[in-house]
Amino acid sequence: MSNLISDMARSAALPNLKRAAAVLTRRLPIPQPLLLVGPGASARLGRAIADFGHRRVLVVTDAAINRLGLMAPLTAALDAAGTPYLVFDEVGADAPIPQVEAGLAVFVAQRCDAIVAFGGGSVMDAAKAIGLAAANGKHPRELVGYFKGRHGPAPIYAVPTTAGTGSEVTVAAVISDPEHGSKLVIADTRIVPDMAALDPALMTGLPPAITAATGMDALTHAVEAFIGGWSTPQTDRMALAAVRMIYRHLPVAFADGGRLEAREQMALASTYAGLAFTRANVGNVHAIAHQLGGRYHTPHGLANAIMLPGVLRFSRPQTGRQLARLAVHAGLGEDSLGTEALADRFVESVAAMNDALGIPRGLAALREADIPALAEAACWEADSHYPVPRRMTQDDCEALLRAVLPPKAAAGRTAGRKPAAVGTAPAAAGVKRAVAKRPAAKPAR
């Protein structure tokens, strides 16, 4: 009964608030970074940064990228121009607050006046949080929410090393609070990077599992931006283009990571999806995935990929027209098939894509005992922040989570009956099943 009362109270106030937010979101000016695209883009960005004459640049990255030498073209350009810089390589998965604090201390102590974020989504989000916190003399926790700082950060430059988060063009920085097992979102249009380099040469060595999870992360961004309530003609164009590109190029990049064209197209698709969702926002998939990341440290792209098929089926009654358009743009069929058939085909193609990429059906870390609290937090996040096409109740969200329990836990719940959502997905037209023959790599943390 308490869940029912809470759901009714939230749902009564939500429509007016979200309509007001939609008007603001559509009118809010959001800057877009200057993009340098193609092999060698990171070196060109280094030369551009040097030309700006910064006093000292903080390069934020992680230990693996530093060890692999991926930053060499950029840092060589800074060295050649005599631009001072420091490397902070302590960022880990989910950008934990203590690591953001450490980077902030270096930025302030060394009197840096620019930041280069060189890495995946966690690195870029940490760099954004460092920049905004330094500009305002605030702890990162104090910046959680919308526009909590009076001042914008020092110039931020981004070099994404995966194709998925789109953080190089977004207004958000997601950091994690390990003390409370939660993820926190800082949102401010001024933390959008000034310039970004999409360099496919940096991505050719990515393991297949990371290629898969980050690619499905980009697909989730595009799909949720397109089917949500705050989409605009511009965000729709970006989302549709991203979906088309992902369906064409993700299977290729997964099967052969050295294919530069596929890597470049996936980098662009991730950026397009980022441009779509930074204005149109995301939805129920992200609301759930953030809780899984906070509780179990599940990589964000993997959590999105696991949840996307079930959430799309849940939203299917309200999103048939949009899903049909996505199916056509993904090359899954023509308009003559009709809205219902196309919508169903798109939903099942997502499940088939997951299978082809080795994405697991269930989340091994998920525990039945955790589901009520995870669902409550996910519903609150979705209700408070996202223009979802279909609102989840507590019971709805718990059902979506139970559908991705690991097989043993699900089997125990059903007393030996075959679990409904941890089985085999039907194949769908347009998904290149050949890549399913490749042994699935262990998902990266």
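Worth a mention:
- Of the trypsin sites (Lys or Arg not before Pro) found in the range 129-186, those in coil by DSSP whose Cβ has at most 14 other Cβ atoms within 10 Å are Arg150.
- Non-local lysine pairs in the chain, meaning eight or more places apart or on different chains, with alpha-carbon distances under 19 Å, amount to 7.
- Asp94 long-range amide H proximity, modeled H, under 5 Å: Ser122
- Average accessible surface for the chain: 40 Å² per residue, computed with a 1.4 Å probe over protein heavy atoms with every protein chain in place.
- With R₀ set to 51 Å, the beta-carbon distance separating Ile30 from Lys408 gives a calculated FRET efficiency near 0.65.
- Long-range amide H partners of Ala158 with built H, under 5 Å: Ala117, Met195, Ala196, Ala197
- Interchain or long-range residues, amide H under 5 Å from Val37's placed H: Leu198
- Förster radius 22 Å - calculated FRET efficiency between Ser384 and Thr232 (Cβ-Cβ, nearest 0.05): 0.55
- Radius, Kirkwood style, for the range 112-263 when every pair of distinct Cα atoms is counted (Å): 16.4
- Surface composition of the range 91-210: carbon plus sulfur atoms contribute 57% of the solvent-accessible area (1.4 Å probe, protein chains only, all chains present).
- Annotation: peptides 263-270, 296-303, ranked by per-residue average of other Cβ atoms within 10 Å with the highest first, follow the order 263-270, 296-303.
- Counting only DSSP beta bridges with both residues in the chain, the antiparallel share comes to about 20 percent.
- Solution diffusion estimate, µm²/s, Stokes-Einstein, the chain, Kirkwood Rh from C-alpha pairs, 20 °C, viscosity 1.002 mPa s: 98
- Sites matching trypsin sites (Lys or Arg not before Pro) across the range 325-387 that sit in DSSP coil, with at most 10 neighbouring C-beta atoms within 10 Å: none
The values are calculated or read from the model by the stated rules, or taken from the named source; none is laboratory data. Just so it is clear, the model here is predicted, and its values are computed rather than measured. All Cβ positions, even for glycine, are placed from backbone atoms using ideal geometry, and neighbour counts span all protein chains on display. SASA here: full protein model, heavy atoms, side chains in, ligands and nucleic acids out. Shrake-Rupley method; radii C 1.70, N 1.55, O 1.52, S 1.80 Å.
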